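See structure below.
The values are calculated or read from the model by the stated rules, or taken from the named source; none is laboratory data. Worth saying up front: this structure is predicted, and the values here are computed from it rather than measured. Virtual Cβ from ideal backbone geometry, glycine too; neighbours counted across all protein chains shown. The protein model used for the area step is the full one, side chains on, heavy atoms only, and it has no ligands, DNA or RNA in it. Shrake-Rupley method; radii C 1.70, N 1.55, O 1.52, S 1.80 Å.
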Amino acid sequence: MKSTEQSKKWKGKPDATGHFGIFGGRFVPETLINALDQLTAAYRSLKRDRKFQKELAYYLAHYAGRPTPLYEAQNLSRALGRGLRVFLKREDLCHTGAHKINNTIGQGLLARYIGKKRIIAETGAGQHGVAAATTARLFGLSCDVYMGAEDIQRQALNVYKMGLLGARVIPVYSGSKTLKDATNEAIRDWVTNVDTTHYLLGSAVGPHPYPAMVRDFQSVIGRETKMQMRKMTRTLPDIMVACVGGGSNAIGFFHPFLDDRVKLIGVEAAGKGLNTKHHAASLRKGTIGVLHGMKSFVLQDPNGQVQLADSISAGLDYPSVGPEHALLKETGRVRYETATDEEALLGFHLLTLLEGIMPALEPAHAIGYLARRARSFPRASKIALCISGRGDKDLEVVRHSKMNSRSAH
Amino acid sequence: MDNQLIQRLKEAKGKGAKLFCAYLTLGFPNLSTTEALILALAHAGADIIELGFPFSDPLADGPTIQFASAQAIKKNVRLNDAFRLVRKLRKRGLRISILLFTYLNPIMHYGMSRAIRQLHQSGFDGLIVPDLPPDEGKMWESWFQRFNLSLVYLIAPTTDHARAKEIAKRSSGFVYYVSLRGVTGARSSISPDLIRNLRIVKKMTKKPVLVGFGVSSPKQARAITKVADGIIVGSAIVERLKGGRKGVRSAVSFASSLMAAMKRKE
């Protein structure tokens, strides 16, 4: 790896206009430009504001439960063999059960600083919705969550949770009735209520400054991992693996390592297979396009209509991906691989049985990938893998899948 | 030579006439209705047709145009259908100004430079892209100029003064003023600060200022065109096309009622 060249490359991304190379940007209706300008300016100043950063650190530590442990998964490592050492970054132990809270606390605090009393959010599986609703309680904000009507059916428990947390869940009936359309509807709400409302976007996607801002809030994952790896092994990991949907846990995990000699692997959802139409591998199978205000890779048909993504894990079920990942792919700094639904289920059972850790189906893709590819990794590699969330929300899906724990043995 | 849009804008200015621009979703309810409608609207005296190419994720649009777009996409409408239709209409001698309206993704997927050539060859006068603000459109402006096409930009009520001035300068043909904070779709009244904002924008530029989003009644049309140079009406027309066979007649008579209201003297 050309580490010195890379470090020059990665400093100062995105550029002043919000571009990551040819990706990113602000492709939104004019009505939103002013709000994005304000948000960019506010975030830029808060990034260097010691009071804000101190408050953020306080809530991350005492409310969200950071730092999360880095756990050396010895049973899993033994099972993989070849002297591999696997370290799990336990974002599943965050309050509300996933890394999403890192971002919602950051943006919730920001909303309070800029005087917005109402937040809106989009959600697919409901994890970001729950984190946003939780944060709204913490900071005394009102919260509306847009969710596809299909997803509301599939994720009844999280819908109930959001209700308990005092958020209003607004069903979206347009288009595919899933995350993509919930995002459209949230943007439409924001266009209408831009003076009073902060749009708390849940992944490292959307128009500038969101991809950079969400990355920064999630980079706490990678910063902690770096310190913990140094403490536990005195070195950095050789390989890092994370699942990629919109890509917020992966970019947060990878970002502090971009200038280091560490091999980075993002795992996309291959659904029922890359050769079918039922997958969510925007980086591997998508083409360059514009969706939700950013230029990135998009799953689309020959007429430029956005296609539906498909994955067993609702959190990866998104037909595009954050623009920084698009650039990381183009430059070759990160390698993007895939795991199918079946491999994800296998990963789920593997980690549950070997370590007693039930991962969400999103990071289960990373485990599934690791299980398949471990033999090709250099002997005695140290592998850090991000468990972005816990599996409770997916138990119904696991239960109804054909694979049970016995077949995983 | 000026394109049809520029010519029409000049004529209107000379006569002191107000401009009426009608938005239609290509292929809703079907391609032949779109064709019939353009002809009928031209006959009724519309000045500009904004032909909308549907996109799966129209984030500036309200329920009416979302619905029309989804229906048209189901019929597998292609950009080439738009080019073919306009080429055919031009061959028949139709002189009304026609702009393509679409989100950036379908155009980018088709290839921007290829699309610009096709727009030019088929007889379009320009392009409106609601998710292409001037900051991102800059690199294409000279291409549009070279092919004698107008790239129309939008100004919103949230746009600050300096930026609005810059947009007005760079918008080609006319300036599209978004009447409200929100998405497209019929509204029963105009937003209270619209007239005041329009006066400010009118002072910034000599280019015609046309107002779109929410315009849906003769009363609104009249109030707006007291200050603005024209109106853009979309959802209120498209809504009437849902009414089956009678849709075209109903849409055209509705458009005529707005045009009449704009022309009426005090």
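Per-residue ellipticity at 222 nm for chain A, helices alone: DSSP H runs ≥ 4 residues times -39500 (n - 2.57), over residue total, nearest 500 deg cm²/dmol?
Value at 222 nm, helices only: -13000 deg cm²/dmol.
At A:LYS231 and B:GLN7, where each label point lies 7 Å from the Cα along Cα→Cβ, what is the point-to-point distance in nanometres?
7.6
Distance check, please: which entries in A:LYS180/A:LYS285; B:LYS18/B:LYS165; A:LYS54/A:LYS382 exceed 25 angstrom between their Cα atoms?
A:LYS54/A:LYS382
Compare the Cα positions of B:VAL211, B:SER122, B:PHE20 along the charge dipole of chain B (+1 at Cβ of Lys, Arg; -1 at Cβ of Asp, Glu; about the Cα centre) and return the one farthest towards the positive end.
B:PHE20
Regarding segment A:334-409, what whole-number volume in Å³ per residue does the convex hull of its Cα atoms give?
Once divided by residue count, the hull of segment A:334-409 is 101 Å³.
Amide H of B:THR25: which non-local residues (sequence gap of 5 or more, or other chain) have their own amide H closer than 5 Å, using H built in the peptide plane?
Long-range HN contacts for B:THR25: B:GLY52.
Of the peptides B:97-108, B:63-74, how do they stack up when ordered by the mean number of other Cβ atoms within 10 Å, highest first?
Top to bottom by mean Cβ count within 10 Å: B:97-108, B:63-74.
Over what distance in Å are the Cα centres of segment A:146-187 and segment A:230-249 separated?
Cα centroid to Cα centroid, the span is 31 Å.
Excluding B:ASP2 itself, calculate the net charge of residues whose Cβ lies under 15 Å from the Cβ of B:ASP2, where each Lys or Arg counts +1 and each Asp or Glu counts -1.
Every neighbour counted, the sum reads +3.
Rounded, prolate or oblate: which fits chain A, taking a ≥ b ≥ c as square roots of the Cα gyration tensor eigenvalues, rounded meaning a/c under 1.5, else prolate when a/b beats b/c?
In terms of gyration-tensor shape, rounded.
If you take the square roots of the eigenvalues of the alpha-carbon gyration tensor of segment A:1-141 and sort them as a ≥ b ≥ c, do you get rounded (a/c under 1.5), prolate (a/b over b/c) or oblate?
oblate
Which cross-chain or sequence-distant (5 or more) residues have an amide H under 5 Å from the amide H of B:VAL211, H modelled 1.01 Å from N in plane?
Under 5 Å from the amide H of B:VAL211: B:TYR177, B:GLY230, B:ILE231, B:ILE232.
With Cβ to Cβ distances under 13 Å as the rule, what net charge do the other residues near A:THR225 carry (K, R +1; D, E -1)?
Summing Lys and Arg as +1 and Asp and Glu as -1 gives +4.
Hey, got a sec? Which trypsin sites (Lys or Arg not before Pro) in segment B:195-243 land in a DSSP loop and have at most 13 other Cβ atoms within 10 Å?
B:LYS206, B:LYS226
With every protein chain left in place, what is the accessible area of A:LYS117 in Å² (1.4 Å probe, nearest 10)?
Taking all protein chains as shown, A:LYS117 has close to 150 Å².
How many Å² of accessible area per residue for the protein assembly as shown, probe 1.4 Å?
Computed with neighbouring chains in place, this is 39 Å² per residue.
Averaged over its residues, how many other protein chain Cβ atoms are within 10 Å of peptide A:300-312's Cβ atoms?
Partner Cβ neighbours, averaged per residue: 5.
For a quick check of understanding: with a 1.4 angstrom probe and all protein chains in place, what accessible area in square angstrom does B:VAL252 have, to the nearest ten?
Roughly 20 Å² of B:VAL252 is accessible to a 1.4 Å probe.
Would chain B count as rounded, prolate or oblate if I go by the C-alpha gyration tensor, calling it rounded below 1.5 in a/c and otherwise prolate when a/b exceeds b/c, oblate otherwise?
It is rounded, given that a/c, with a ≥ b ≥ c, falls under 1.5.
Read phi for every residue in segment A:292-300 and hand back ³J(HN,Hα) as whole Hz from Karplus 6.51 cos²θ - 1.76 cosθ + 1.60, θ = phi - 60°, with x for Gly and Pro.
6, x, 10, 9, 6, 7, 9, 7, 8
Taking amide H positions as placed in the peptide plane 1.01 Å from N, state which residues far from A:MET240 in sequence (5 or more) or on other chains have amide H under 5 Å from it.
HN-HN under 5 Å from A:MET240: A:LYS263, A:LEU264, A:ILE265, A:ALA384.
Tell me the label-point distance for the pair A:ILE22, A:ASP301, using the 7 Å Cα-to-Cβ offset, in nm and rounded to one decimal.
So the label points at A:ILE22 and A:ASP301 sit 2.5 nm apart.
Using the Karplus equation 6.51 cos²θ - 1.76 cosθ + 1.60 (θ = phi - 60°), what ³J(HN,Hα) coupling, rounded to whole Hz, does each residue of segment A:65-80 give in order, writing x for Gly and Pro?
Each residue's phi maps through the Karplus curve to give x, 8, x, 7, x, 9, 10, 7, 7, 5, 5, 5, 4, 4, 4, 6 Hz.
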